[in-house]
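Since the structure comes first, as structure tokens, the remarks are kept for the end.
The values are calculated or read from the model by the stated rules, or taken from the named source; none is laboratory data. Nothing here was measured: the structure is a model prediction, and the numbers come from that model. Cβ placement follows ideal geometry from the backbone for every residue including glycine, while neighbour counts extend to all protein chains displayed.
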Amino acid sequence: MQLYLCDNHLPDFDEISFEDFSLAQWEELLVAARVDCLMLYGKDHWGWSYYDTKVGQRHPKLSFDLFAETVRMLRRNGIRLMTYYSIGFDNLMATTRDDWALRKADGRKHRIGRETYPKWHSCCFHTGYRDYCKAQVRELLEAHRADFLFLDIIKHGGYTGFGQDNLPLCYCPACEKKFRQRYGMDIPRAADDVARFRRVVQDWEMNVLDYEMVDEITSLAESIQPGIPVMFNETVHFAQRARNRMNAHFSEGRYGSWRTAAMSRLQRRALHYGRSVISCHPTVTAYDVSPVGPSALAAAQVAAWDCDPFLMHGPQDSRGRIDTNSLKGVGRAFADLARMDELLENRQPIDEVRILESDRQRLLDPANHSGPVLAAIDFLTYSKYPFGLIREEDLDGLAASGARALIVPRATWLTEDEAQAVRRFVRDGGLLVCGEDFTLGRCTGREGPLDPLAMGEDFLLADVMGVSFVRRDDTYRHNRWGGYLRVGEHPMWKSMRDTTPPLMPPCYEVTLRPGATCEADHLRPSIAMAMDRWVNWFPPPPGRELSDGPAVVLNRYGKGTCLYFAAPYVEPNDGSPGAEALDWPRRFFNDMLETLLPAPAVRLHSDCPELVDATYYRRDGEVIVHCLNKAAAHAGDGAAPVKAGRLVLTGPLANAASAVMVPSGRELAIRREGDSLVVDVPEIAVHELVHLRLRDGCP
Ligand SMILES: [Zn+2]
């Protein structure tokens with residue numbers, strides 16, 4: 001499904017009118033752009049409604065029921081309706097109803113803090129505003145059956161840091177009263193207090209602010225229109241409880257289309273709509289002659305992760321007319337996808353490698369949550385191993401899921417049961433890659449908001465990891481690089497034998513347990529940086545001293561293996577000033593997987609692993625490989641085709657009878673090399689599928 005939103009929140013200024021609004025123009029453009037579903041404003045950020053409302057206020061410049069007219073046009077063309085409703089931002093209500101406004105700690109009304117543009121005010125859902133929103137949602141759904149309901153600006157951002165600007169904690173009298181009743185204390189005001197009362201703030205946001213909104217709106221919508229998929233923006237940033245209450249998922253591509261979609265496919269399939277919708281970044285720019293490459297690639301990246309691409313921009317002029325060129329750009333971005341529709345759905349991901357995205361880390365240590373997860377996604381993407389994500393709640397089924405490796409970017413707290421599931425996975429032959437304080441925390445999963453964070457004496461999985469915890473060493477906390485690896489002879493280090501790869505601080509001092517081997521030492525920096533101690537422009541180079549204890553440890557456990565890093569090993573390279581992007585981790589991940597996890601079921605070997613990406617799926621008797629060319633983002637309207645590479649299938653998949661490229665229809669030769677099947681995949685422009693049919697009788 002391809003979705004679109006004309007993202008024009010229009011004020012009631014003198015300059016604004018709808019006198020040139022043309023439904024016929026809309027109809028022509030949407031059909032030509034191959035839009036399957038239109039997101040349509042019920043109420044926008046200004047607080048104006050676009051339908052005949054008895055509860056709210058219709059946009060003052062609108063002389064007709066724009067919502068109803070548009071819905072009739074959509075139905076005529078078989079285009080689905082996603083009803084949009086802005087909850088967090090409602091400038092009208094926040095400025096006219098003082099008791100409904102979201103209040104900052106100093107008591108003033110909150111508005112988003114952009115310097116020059118959008119400065120909408122927010123409303124608090126825990127006031128009478130709640131009934132106002134629910135009454136409008138009821139009006140909208142009773143008037144027009146919706147294929148989807150979408151709620152915007154709802155994620156509160158204290159514990160994830162996400163959404164802080166849009167919807168921070170509210171200090172209105174209603175919230176103050178409710179908070180005091182629940183926790184016997186005032187809402188923390190100082191930043192230090194928010195950190196100190198992390199669990200309290202987390203409980204408030206997760207179980208009250210987020211959950212109540214999700215639960216009440218979903219229940220209301222389902223009571224009016226049973227089975228309706230209800231989407232709340234930014235699903236990937238919600239904690240488990242609210243997320244599990246959602247019956248459909250939607251996220252904006254804030255981590256880029258590829259990474260956001262990768263995180264979204266992790267979601268357990270939602271009850272009423274199984275695919276996540278991802279808003280593409282970058283998108284088509286309104287009024288520009290946007291080249292097709294970047295937006296076509298973004299839409300392809302979303303589809304490659306089994307999600308639905310969503311494009312939006314603001315092409316509506318002050319008199320209501322649409323910029324024709326802009327919507328043509330949307331059509332060009334969707335063109336390829338329309339030609340491979342049939343192979344994009346009803347398929348199961350092949351993900352032999354799983355990245356653990358820890359919900360508990362998100363809640364208890366948000367600064368160390370998404371960065372390491374995104375870095376792990378980047379490294380696995382580079383390796384072209386088939387991978388996906390997993391959360392704690394699904395660890396129990398890890399072994400049965402067909403996974404062969406578990407990569408843990410950062411997970412300090414696992415329950416005994418979750419740790420036991422990981423232990424079982426390794427004992428039965430799985431590969432575990434972890435680091436830092438993995439399982440050093442203690443939790444039962446049933447902690448109350450006033451319980452402190454607890455740490456143990458040793459790692460819960462010390463037996464599996466082959467190391468015991470001694471202490472965390474923060475000596476080099478001001479150094480950009482907290483140490484260097486002096487690597488051993490293991491083939492996983494083959495790309496970095498001639499150097500000493502840097503590690504971020506801190507360093508963990510651990511001792512080897514019997515049977516475990518040290519695969520790299522930790523070389524200390526020459527000095528610990530301080531205000532009056534530095535070396536030159538660069539981070540202090542390696543000194544001569546080794547840290548006490550190993551830096552990287554390999555341990556056999558049962559039939560499986562654990563690789564442990566005594567320092568951060570999946571730090572994000574976000575390209576910010578002073579944060580040099582390191583290349584060695586992704587090269588290491590590639591070499592490490594080839595050494596410790598040979599013969600994946602399917603893998604694309606590319607000569608340009610930086611440019612070519614791939615995802616892999618199974619269907620009855622079929623394998624579908626999605627190949628993408630990132631150079632398309634820089635090819636403008638032209639093409640920069642890149643040879644995809646050598647596709648290698650092993651085990652049960654080494655049985656393909658035919659391989660065809662979709663949509664180009666090119667037939668590919670298949671040859672046998674030892675126990676594997678090899679298919680040379682030729683040049684691709686933006687993206688193509690390799691569709692393999694297995695011989696009869698293959699599952
Ligand atoms: Zn409030």
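Kindly check whether there is at least one residue in the range 61-79 that is assigned to a loop (DSSP other than H, G, I, E, B), of a type in the set (S, T, N, Q) and under 20 Å from F150 (Cα atoms). For the range 61-79, residues assigned to a loop (DSSP other than H, G, I, E, B), of a type in the set (S, T, N, Q) and under 20 Å from F150 (Cα atoms): absent.
Suppose we filter the range 59-81 for residues that are crowded, with 22+ Cβ neighbours inside 10 Å and within 27 Å of the chain's Cα centre (by Cα); how many remain? Summing the residues that are crowded, with 22+ Cβ neighbours inside 10 Å and within 27 Å of the chain's Cα centre (by Cα) in the range 59-81 gives 0. Residue under question is D210, and the condition is that it be more than 13 Å from the ligand (Cβ to nearest atom), without any contact (Cβ under 8 Å) to a residue 12 or more places away in the chain, at negative phi and not aromatic (F, W, Y); does it hold? Against the criterion (more than 13 Å from the ligand (Cβ to nearest atom), without any contact (Cβ under 8 Å) to a residue 12 or more places away in the chain, at negative phi and not aromatic (F, W, Y)), D210 does not qualify. Selection over the range 400-436 of residues that are more than 16 Å from A376 (Cα to Cα) and out of contact with any strand residue (DSSP E or B) (no Cβ under 7 Å at 6 or more places or on another chain) gives a count of 13.
Filtering the range 479-520 to residues that are under 18 Å from P540 (Cα atoms), touching a strand residue (DSSP E or B) at 6+ places or on another chain (Cβ under 6 Å) and not aliphatic (A, V, I, L, M) leaves N479, W481, G482, G483, Y484, R486, T500, P501, P502, P506, C507. Any residue that is in the same structural domain as Q136 (by TED's automatic domain parsing), touching a Lys or Arg at 6+ places or on another chain (Cβ under 7 Å) and away from the ligand (no atom under 16 Å from the Cβ) - is there at least one of those in the range 244-263? Yes, the conditions are met somewhere in the range 244-263. Applying a threshold of 6 Å to beta carbon distances and a minimum spacing of six or more residues, or different chains, the list of pairs starting in the range 598-619 at a residue that is under 10 Å from S383 (Cα atoms) and at pLDDT below 95 and ending at one that is surrounded by fewer than 23 Cβ atoms within 10 Å (Cβ to Cβ) and among the hydroxyl-bearing types (S, T, Y) reads P609/Y382. Evaluate the following for E673: is it among the acidic types (D, E), modelled with pLDDT of 95 or more and more than 30 Å from the chain's Cα centre (by Cα)? Spelling it out, E673 is indeed among the acidic types (D, E), modelled with pLDDT of 95 or more and more than 30 Å from the chain's Cα centre (by Cα).
Here's the yes/no breakdown for (1) closer than 26 Å to K178 by Cα; (2) part of a loop (DSSP other than H, G, I, E, B); (3) more than 31 Å from the chain's Cα centre (by Cα):
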residue: L40; (1), (2), (3): no, no, no
residue: K54; (1), (2), (3): no, yes, yes
residue: L92; (1), (2), (3): yes, no, yes
residue: A105; (1), (2), (3): yes, yes, no
residue: S122; (1), (2), (3): yes, no, no
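When each of L169, L151, L140 is tested for being surrounded by 14 or more Cβ atoms within 10 Å (Cβ to Cβ), closer than 26 Å to R243 by Cβ, within 29 Å of the chain's Cα centre (by Cα) and away from the ligand (no atom under 16 Å from the Cβ), the lone residue that passes is L151. If W46 meets every condition in (1) away from the ligand (no atom under 16 Å from the Cβ); (2) touching a strand residue (DSSP E or B) at 6+ places or on another chain (Cβ under 7 Å); (3) among the hydrophobic types (A, V, I, L, M, F, W, C) apart from one, which number is that one? Going through (1) away from the ligand (no atom under 16 Å from the Cβ); (2) touching a strand residue (DSSP E or B) at 6+ places or on another chain (Cβ under 7 Å); (3) among the hydrophobic types (A, V, I, L, M, F, W, C) one by one, W46 breaks only (2).
Helices (runs of 4 or more DSSP H) fully within the range 143-229 that include at least 1 residues being at pLDDT below 90: 191-196, 198-203. Being farther than 19 Å from A286 by Cβ, out of contact with any Gly (no Cβ under 7 Å at 6 or more places or on another chain), in the same structural domain as A303 (by TED's automatic domain parsing) and not small (G, A, S) holds for only one residue in R76, R114, and it is R76. Of the residues making up the range 115-137, those that are more than 16 Å from L220 (Cα to Cα) and either surrounded by 15 or more Cβ atoms within 10 Å (Cβ to Cβ) or within 16 Å of the ligand (Cβ to nearest atom) (or both) are W120, H121, S122, C123, C124, H126, T127, G128. Confirm whether D498 is within 25 Å of S383 (Cβ to Cβ), surrounded by fewer than 21 Cβ atoms within 10 Å (Cβ to Cβ) and of a type in the set (D, E). Yes.
Listed by first and then second residue, the pairs linking a residue in the range 120-133 that is polar (S, T, N, Q) to a residue that is more than 10 Å from the ligand (Cβ to nearest atom) and part of a strand (DSSP E or B), with Cβ atoms under 9 Å apart and 6 or more places separating them unless they lie on different chains, are S122/F89; S122/K109; S122/R111. Has the range 90-99 got at least one residue that is touching a residue at least 60 places away in the same chain (Cβ under 8 Å), within 16 Å of the ligand (Cβ to nearest atom) and surrounded by 23 or more Cβ atoms within 10 Å (Cβ to Cβ)? For the range 90-99, residues touching a residue at least 60 places away in the same chain (Cβ under 8 Å), within 16 Å of the ligand (Cβ to nearest atom) and surrounded by 23 or more Cβ atoms within 10 Å (Cβ to Cβ): absent.
Residues of the range 1-16 that are touching a residue at least 24 places away in the same chain (Cβ under 8 Å) and either closer than 12 Å to G320 by Cβ or in a loop (DSSP other than H, G, I, E, B) (or both): M1, Q2, C6, D7, N8, H9, L10, P11, D12, E15, I16.
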